[in-house]
1. Sort D215, D194 so that the residue with the fewest other Cβ atoms within 10 Å of its own Cβ comes first and the one with the most comes last.
2. Got a sec? How would E125, E270 order by Cβ neighbour count within 10 Å, fewest to most?
3. Provide the gained length on full extension for the span R18 to V113, in nm with one decimal, where the gain is 0.36 nm per separating residue minus the Cα-Cα distance.
4. Using r as the Cβ-Cβ distance of Q166 and D30, and R0 as 51 Å, what FRET efficiency do you calculate, to the nearest 0.05?
5. By how many nm would the segment from W46 to E264 lengthen if fully extended, with 0.36 nm per residue of separation less the alpha-carbon distance?
6. Take the Cβ-Cβ distance between I318 and T191 as r, set R0 to 41 Å, and report the resulting FRET efficiency rounded to the nearest 0.05.
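Readers should treat all values here as calculations from the given coordinates under stated rules, not as data from a laboratory. Keep in mind that this is a model prediction, so the values were computed, not measured. Cβ sites come from the backbone with ideal geometry, for glycine too, and all protein chains shown count toward neighbours.
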Amino acid sequence: MSARKFSRIPSGPQRRYRPHEKAKVLRLADRVGVAKTVDRTGVSPWSVYRWLRDRELARSAGDPDGLRGLGRVQKPPRIQVPEAMQKQVLAVWRNNRGFGPSQIHNQLRRVGVRCDTKTVRKIIEAHGYTPPGMKPPRIKEDRRFEASRPLELVQMDVLQFHVHAQRLYLILALDDHSRFIVGWALLQRETMDDAIACLEEAIRRYGKPEAVLTDRGAVFHTWSGIGQFDRVLEAYGIDHLLSAPEHPKTLGKVEAVNKAIQKELIDRVEFRNYLDAKEQIGRWVDEFNHQRTHQGLGGILVPADRFYGRADRVLARIEEARAGNGRDPVPPELETKEADREVTLFQLRLVADIIEVWLFGRRIARLEGSEEVS
């Protein structure tokens, strides 16, 4: 390729190259070598070597063209699905519009058809399915989404911060409807296994969500194939929703909590060590759930009011107090503890097809079918 074709690519010490320009330079380097490419294009040899390295890393990570390493965001390749299987998936969905991908996957398994949840989601989304928790079609004004009930959707995200020289990772799992933090973990490393453990602890304590919304970070998402996080969600029958690339507003609720805990605790307190940070974050989470009023809940309710279904009672009590009927309202923190005791007195929880029996906040039995699991 002649130098004339590269005359439109200006160079300079502050030059920033677009992905398609990088790809054009590398195609030339593949044919004539780095030295001649530098002479013809004026691009720094260090830039060419760096781009070659980034392309190779992207290829080794499963991108055959290596374009993702050059900064280009591409849609994942479409999975080729037999037409007969597509018809079976669509038949189940059209007869049961309320079913999500996990339920359709299970219905197909019942009749001997194997089609993983990701593939089911791709098929029905191509025919108009809108996952719970995703924003409606964009219009001029900004529209907010909110799940209609507790545990319909849980948002998860990771916040990084330092305690002295040690980097820590805080994973938060937030109920979209109530803003109640159903799970959290403070980690000294960031791994997919730790994210799974955090979610499973939330399920053990509060029950299984219908869907989980995350970003495309390495602890939640695998770019090639199906990762362990997706496999665990599929085993529980939970739909995994991914936010759009470079679109943080999709996870706006949990991002707001990240900012709140950073402003109110992390930036104000000098933790002694990891254990001290874990203890103080635990107290902050408990106060956030049960005592701290939330602007997204009208500025008067706390997340626990919505999560435990007592928002109407709390609002009615506040209105009675305003009316001056002489009745002293129960302090919110006491109301919270009473309701928690009512909720955890006796519970049956379904976890991965196993029924768990809970009494006074302790699991006393696990049942699978008609047999008890030790």
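1. Listing D215, D194 from fewest to most nearby Cβ atoms yields D194, D215.
2. E270, E125
3. Between R18 and V113, full extension yields an extra 29.7 nm.
4. 0.70
5. Full-extension gain reported as 74.1 nm.
6. 0.40
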